[in-house]
1. How large are Rg and Dmax for the range 85-128 when only the alpha carbon atoms are used, in Å?
2. Counting only C-alpha contacts under 8 Å and six or more residues apart, can you give the relative contact order of the range 11-151 as a whole percent?
3. Can you pull the three principal axis extents for the Cα set of the range 159-224, in Å, largest first?
4. Using a Förster distance of 35 Å, how high is the FRET efficiency between Tyr28 and Glu367, based on the Cβ-Cβ distance and rounded to 0.05?
5. Work out how much length Gln220 to Leu20 would gain on full extension: take 0.36 nm times their residue separation and subtract the Cα-Cα distance, in nm to one decimal.
6. Can you give the Rg to Rh ratio of the range 123-272, both from alpha-carbon atoms, with Rh computed by the Kirkwood formula?
7. Calculated from DSSP H runs of 4 or more alone, at -39500 (n - 2.57) each and per residue, what is the 222 nm mean residue ellipticity of the chain, nearest 500?
8. How much of the calculated P(r) for the chain lies past 39 Å, in percent of all Cα pairs?
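Please treat every number below as a calculation from the coordinates, not as lab data. As the structure is a computational prediction, the values presented were derived from the model and not from experiment. Positions of Cβ are generated from backbone atoms using ideal geometry, with glycine treated the same way; all protein chains shown enter the neighbour counts.
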Amino acid sequence: MVDLLSQYEKIKPEIDKAVLDVITSSAYINGPEVKAFQAELEKYLGVKHVIPCANGTDALQIAMMGLGLQPGDEVITASFTYVATAEVIALLQLRPVLVDVIPGTFTIDPVAFEKAITPKTKAVVPVHLFGQCAEMDRVMEIAKKHNLFVIEDAAQAIGADYTMPDGSVKKAGTIGQIGCTSFFPSKNLGCFGDGGAIFTNDDTLAKKMRMIANHGQSIQYYHDEIGVNSRLDSIQAAVLRIKLRHLDEYAAARNKAAAHYDKAFANNPKITTPARESKSTHVFHQYTLLINGADRNELREFLAAKSIPAMIYYPVPLHMQKAYTDSRYKEGDFPVTESLCKSVISLPMHTELSTADLERISSGVLEFLNK
Ligand SMILES: Cc1ncc(COP(=O)(O)O)c(C=O)c1O
């Protein structure tokens, strides 16, 4: 699905030197590379504070702890997402409230979001799924009206631009009070292990979240908050500093691959290609098709026989996962999500796809569907 080795080989001298420099400096934790990466990412995103942490899941958890959410508070999120979004809500004994997504863009349905608000609702977590932003102008407007916090899950969309109603352009993760991202290796900005970050323009919140990520201390051994241990290590930061310089070029390569797929599959009645949110750019973390009138599992097997990988993100909706069984929800409650879970299939999407690769993949898909 991704080709991280070829991507590395293109920037190998820079990466190898940066990693070796960290090793010889022996500043493995919270060294100068972490601070430099933080400052460079703040500049790239146009946000006041970036708080690096250990992974995207921790970023979401620290965000919710930073906002002071209390057990029983309701947090609304999309039913079609990676489990991490709902996992941290449940872990903190908050109440995950799921709402359906928009069929075309797979992001939270603003109408369903507003309907799900109760007096106990404290926050909403829109997920910028597969690489483009949820309808953030509407999400922000509803959240403001009901006095809710907005935590953007930008794990899959770092670098995407969103045009606000006043014409200003903001980066994914910098629109709500807090944005969270992941630097998992296959993410658009991926390191060579685990990593994550939290973004905010709020000075007080930034200070608190930085403390929480560091055992609740800002002065060593003085713990003002109950915190966690969540650090981005210096080797990962060194890798990320280099890859950040290439992030826009990586997004362009992904868009080029997506345009190739779009053209190859245009007008095929069995395929729906990914819709574009008019106010967001797309950074194509995934290129996800809907297959209608054919068995997508058979398609996947057919492609696998040709050594073409394909993945199903996500096969089971959150409300039908064993761990998230909840008497409030039953099969049929989120028809869009349930239908997506039955028909989505993601094709290889990364920065190193050649025209020959793209032709081979798209011909494989078409050969199966035209049988
Ligand atoms: C939408 C979404 N949220 C959160 C996460 C969690 O990130 P991590 O794997 O770094 O904990 C991921 C990544 O897998 C994700 O795709």
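1. Computed over the Cα atoms of the range 85-128, radius of gyration and Dmax are 11.0, 32 Å.
2. Numbers: 164 pairs, mean separation 25.5, N = 141.
Rounded, it is 18 percent for the range 11-151.
3. 45, 32, 10
4. 0.10
5. Working: separation 200, 0.36 × 200 = 72.00 nm, distance 2.86 nm.
Roughly 69.1 nm would be gained on extension.
6. 1.04
7. Calculated mean residue ellipticity at 222 nm is -12000 deg cm²/dmol.
8. 15 percent
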